[in-house]
Every structure is written in C-alpha cells, then in structure tokens.
Amino acid sequence: MSNPVYRFASVSGQGLQWLLRRNCSVTPAQLVWMYAGLCAVSLSIGLWFWQMGAPLVLGFAGIEILAVGVALWVYARHALDGERIVLQGQSLVVEKAVGGRLERTELDIRSLTVEPRYGEHSLIALSARGRVINVGRFVRPELRPALARELRTALRGS
C-alpha cells in the first residue's frame, strides 16, 4: 500500500507534523520599521506646525503615534500565533501558541478520537482519556473537515 499524500502535514524524519498558523502579511520586524517610518513622518509634520505657531498639532501627532503603537503592539503580539500538531510514535503532541504563551498537550493515539466540535465547520476536537483539545482555529472553516479526515488517516496509518 502506498503512503497517503498529505495536504496540511509535512513528513519529518520521525513522524508527521501539521503547522497551522495565522495568515499574516507583515512580520513583526517589518511592522517595527513601518511604525518607525510613521513616527518620523508624524513627528516631522507636528514639529513643522509647532515652528509655524500651531503647537497643538504636535500634541495630536503624539496621541496618534501612541494610538497606532498600541494597535500595532496588539497585532504583533498575535502575529505568530499558531498550532503545531506532531504525530510521533504512539502519541499526538499538540502545541498552541497564543499571545506569546505556549500550551503543550500530549495525547495517546490508542484512545484518540477526531471529531468536529459542534458542526461541520467548527473546530476539530481531539479527545483521549477525558482530555479534549480543540484545533483548527487557524484553518478556514470550509477546510476543517479535510484537516480532520487527514488527521484520522494519519492516525489509522500509525
């Protein structure tokens, strides 16, 4: 029998790995450079108006820089969020990174079930021996059933 072709998983030396990440078009490093450029432009305009006798513009530029900075910080904090699922031997390891916090759970595949949480497009519930982990948060809802089928296929093959 041939090995199945996986759409979401990558085959590593010792097992299968699913990396499910947020779709971000800007990295945190690019965000810092963009913010620095925005700060330079806003402060330049504010200083020019201050020299022309309108000091309030510089204050509003400072408020703008602060508000945009807070929004970008919130975005950057979650830009690297994701889920990593590793099937290795008799265990399935699920690692969730959310807001810089890492949560790691190991499940025994001998008693593992893979089901939609509530409906067809809901999160995927991985449950084993009373522990339930929801995955698929970073996968489009219409692709979650395909991910669940792929997980089931991989579990049957091991």
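At a glance:
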| quantity | calculated |
| --- | --- |
| Residue satisfying all of: in the range 72-92; part of a loop (DSSP other than H, G, I, E, B) and of a type outside the set (D, E, K, R); nearest to residue 126 (Cα to Cα) among these | 90 |
| Qualifying positions in the range 83-97 - surrounded by 15 or more Cβ atoms within 10 Å (Cβ to Cβ) and not charged (D, E, K, R) | 85, 86, 87, 88, 91, 92, 93, 94, 97 |
| Qualifying residue in the range 116-133 (condition: in contact with a helix residue (DSSP H, G or I) (Cβ under 8 Å, 6 or more places away or on another chain), modelled with pLDDT under 90 and exposed (fewer than 13 other Cβ atoms within 10 Å of the Cβ)) | yes |
| Test result for residue 102, over 30 Å from residue 39 (Cβ atoms), of a type in the set (A, V, I, L, M) and in contact with a helix residue (DSSP H, G or I) (Cβ under 6 Å, 6 or more places away or on another chain) | no |
| Answer residue from the range 17-64, given it is outside any helix (DSSP H, G or I) and among the small types (Gly, Ala, Ser) and is farthest from residue 90 (Cα to Cα) among those | 53 |
| Residue selected from the range 22-47 under the condition modelled with pLDDT under 90 and not β-branched (Val, Ile, Thr), by the criterion nearest to residue 148 (Cα to Cα) | 22 |
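The values are calculated or read from the model by the stated rules, or taken from the named source; none is laboratory data. Bear in mind the structure is a predicted one, so any value in this text is a computation, not a measurement. Every residue, glycine as well, gets a Cβ built from its backbone with ideal geometry; the counts of neighbours run over all protein chains shown.
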